Amino acid sequence: MNRALAPAFLGSLGSRRLTTLLSMLAIALGIALGVAVQVIHDAALDEFDHGMRTLSGEADLQIVGPRGGFADALFEIVVLRPEVAAASPLLETEARLFGEARMLRVIGVDIFRLAEVQPVLFPQPAAGEDRFAALRDDAIFLSPGAMQALGLKAGDTLKLQSGLDPLPLRVAGGVPGMAGQQVAVMDIAAAQHRFGRAGMISRIDLRLREGLDLTAGREALGPLLPAGVQVLAPERARQQAAGLSRAYRVNLTMLAVIALVTGGFLVFSTQALSVVRRRTEFAFLRAIGLARQELMRWLLAEGALVGAIGAAAGVALGYGLAAAALTLLGGDLGAGYFAGITPRLAFEPIVVAVFLALGTVAGVVGAWLPAREAATVSPAMALKSGGDAAALGGGRRHPGWALGAALLAGAACLVPPWAGIPVGGYVAVALLLAAGVFALPMLAARLSRVLAPLRMVPVTLARSRLAAVPGHVVVAGAGVLASAALAVAMAIMVASFRHSVDDWLAQILPAELYARGARAGSSGYFDPAAQALIAGTPGVAKVDFIRHDTVLLAPDRPAVVLIARPLTADGRELPLVGERVATDRPVWISEAVADLYGYGAGDTIGLPLAGELREFTVAGVWRDYARQSGAIMIPLERYRTLSGDRLANDAALHLLPGETPAAVAARLRERFGGEALELAQAGEIRAISLRIFDRTFAVTYLLEAVAVVIGLFGVAASFAALAAARRREFGMLRHIGLTRRQVGLMLATEGALTAAAGALGGLVVGGAISLVLVEVVNRQSFHWSMDFRVPFGILAAFCVTLVLLAALAAVLAGRQAMRQEAVMAVKEDW
């Protein structure tokens, strides 16, 4: 490439600052979101991995069980095995701070065995404490991160919750080996006693004898374990955390890709129109010897420069967004996958390089078709100032391409997920966008026929123009279609999701008032005495107590939540989907369990309860939006009979007629104290859940708004460039009698028809994409279904507004060209 030509090509970007900046902005936004999601997730996962590696210490294997733990008698069996060089038992509890919503991870340890497997957990007594402080049942040791987060120091009292009672513990020192983690350590016997977990442990960390590999160790220890307890490698937790968060992260990243595609469309539009305006310049360069391929390379370099600058700005913006998100949300991306850790942002050269390359590629791809068209135009034709109708395909339409892309999209929807990622669904989205762009000229032609009865000259001229040059419809309407399709698809998907979640909440929250000691799996619970007090509270007609635990169904998958609650034989209390089976030993599985494990109605499923494998029959599948790894419902009485567990985590209170939730809540607080119970009305829980839902999808609303604004600017930029290229046409129309107002009406009609084609195409394509999102992407990513819901009123108002704004943008953009005197406009034809 001849560097002397750089000012003629790359310098032209400065002469069209607005369109260039808009293209860069669109690419920057897509890159920024992608970078932010990636670096936040990597930082959170690295911190999570560091914490897990620190906690596992020098362990080769871990014996783990359900959330409720398993009998500590297993430790005595395992520690005597010849395959085991050292073993250390742990009891982990998510302890609620009494009277607060905050939780603290408390680890009960055997200090006499820590040094061999987990030396980083060794507690260090504070000055003034004796050497036996770590064995006292009122002592707790905090990591530096926990000390800072709780605002405590050695000698202070930390008040936790056990059951519904306060549990005051003395901060007797620290855990210096756990810097960066918010954890507490205490003696394992004290933890069992104080948290009501007598005879239970959560995990056994093992170091195998020298020379024994992990596979042999697992094979030797596996037969010793009771049902529901498994021996796993420590890195399993990281893999499962990455797997759980992968779908959420990938879906956010795909939103970024869609924004990037919108930017690519805008690059396409601006480059195409730049080619139209500069065709005489290119023809002159071709005439004096510039090769066709070199012209194409220079035009691709323009697109690459736009993409590279936009990507660089996007990377900087992405790191800024990531820093703000880590400050406000931590590392859980608004979804709770990495709650409780404090990630640290780090510069990732590979991630930056990948996203810089993506932005550059988006610019090159957007510029490729205009560059190819510019290189194929005959210099002689271009020097005559004609041929603009032939640009970008001129009169060619591609109905076969549109149909082919749509059929391929349908086939892609049938592709199963790869590693839990709906690759086929994302390919289908891209193909549907392509089909919409290919169909734009046909849509514009059909829409123009609607105006055929109007015999107004400007309208007739506008219709004729669009029919003669359908390629310009693609140039001006591609950005509108892409942005409208994104907005429509997300609006339908979010409306469907929100409606389904609202209905689901109404069905799973039938009681008027709900009470709990703390969240499931934590130190708060209702013992039988507390349950009797709740049931006997004046104004309470009936109480449904609910117990939460987990079960391990497969070693390579996360634990499945087990929920025991009062249920009728047909499970009518649950939001069931699909077939139902009558059985005398029923359980109901969530859609995630059905998808991940392959169970269906009528199948036999084995559940480990209290160390015994019990067989049940799947009576049906229910919809669950709360637990991505799956959940199983079991009748409460059967669970209690088989497990011997009489505790409860939650209570659903049905009130007597005439009683109000507020009055009954006040009586409960009098009985238990206001700090021990969490009380909420069903309506409050629904409102809070929907607010969280709306906040989670706030980023999609922002992307929709930005995409639509960029699409409108694309229309304005397109018509400004087209108007500049059509000065002679406008001058000729003025010579034969058209007024400026009529020329403006012609432009407005063209803009409205172009935007209407883009909006209509966006409606159709967006509707199809929303079906893919609802039926393929969400089902394969998160394993839940939803009811399809179309917000017709919102979409109609959106499309009408878009068409009107596009018509206005077209007129305003063409005003400068219309102002030119008719004689001056055609002087070059003398």
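If you go through the range 98-124 and keep only what is surrounded by 18 or more Cβ atoms within 10 Å (Cβ to Cβ) and farther than 15 Å from residue 188 by Cβ, you end up with 98, 103, 104, 120. Being at pLDDT 75 or above, in a loop (DSSP other than H, G, I, E, B) and buried (at least 18 other Cβ atoms within 10 Å of the Cβ): is that true of residue 89 here? Answer is no for this residue.
Which of the residues belonging to the range 592-635 are crowded, with 20+ Cβ neighbours inside 10 Å and β-branched (Val, Ile, Thr)? If the condition is that a residue be crowded, with 20+ Cβ neighbours inside 10 Å and β-branched (Val, Ile, Thr), then 593, 618, 621, 632, 634 are the ones that fit. Here the condition is being in contact (Cβ under 8 Å) with a residue 60 or more places away in the chain, closer than 30 Å to residue 105 by Cα, touching a helix residue (DSSP H, G or I) at 6+ places or on another chain (Cβ under 8 Å) and in the same structural domain as residue 649 (by TED's automatic domain parsing); of 559, 554, 564, it holds for 564 alone. Scan the range 661-701 for residues that are among the small types (Gly, Ala, Ser), part of a helix (DSSP H, G or I), in contact with a strand residue (DSSP E or B) (Cβ under 9 Å, 6 or more places away or on another chain) and surrounded by 15 or more Cβ atoms within 10 Å (Cβ to Cβ) and the total you get is 2.
The sole residue among 743, 772, 709, 715 that is modelled with pLDDT of 85 or more and part of a helix (DSSP H, G or I) is 772. Within the range 487-504, residues that are under 16 Å from residue 708 (Cβ atoms) sit with their Cβ atoms under 9 Å from residues that are buried (at least 21 other Cβ atoms within 10 Å of the Cβ) and of a type in the set (Ser, Thr, Tyr), at 6+ positions apart or across chains, in these pairs: 488/770; 489/770; 490/770; 491/770; 492/770. For the range 97-123, what are the residues that are in a helix (DSSP H, G or I) and farther than 26 Å from residue 166 by Cα? Scanning the range 97-123 gives 112, 113, 114, 115, 116, 117, 119, 120. Taking the range 178-198, which residues are in contact (Cβ under 8 Å) with a residue 12 or more places away in the chain and surrounded by fewer than 19 Cβ atoms within 10 Å (Cβ to Cβ)? Residues satisfying the conditions are 179, 180, 189, 193, 196. Contact map, the range 788-811: first residue within 21 Å of residue 503 (Cβ to Cβ) and modelled with pLDDT of 80 or more, second residue part of a helix (DSSP H, G or I) and of a type outside the set (A, V, I, L, M, F, W, C), Cβ cut-off under 6 Å, separation 6 or more or different chains; pairs are 788/496; 789/496; 789/499. When the range 174-188 is filtered for residues that are at pLDDT below 95 and in contact with an Asp or Glu (Cβ under 8 Å, 6 or more places away or on another chain), only 180 remains. For the condition of a type outside the set (Ser, Thr, Tyr), farther than 16 Å from residue 508 by Cα and surrounded by 19 or more Cβ atoms within 10 Å (Cβ to Cβ), what is the one hit in 558, 538? Just one listed residue meets the conditions, 558.
The values are calculated or read from the model by the stated rules, or taken from the named source; none is laboratory data. These figures come from a predicted structure and were not determined experimentally. As a convention, Cβ positions derive from the backbone with ideal geometry for all residues, glycine included, and neighbour counts pool all protein chains shown.
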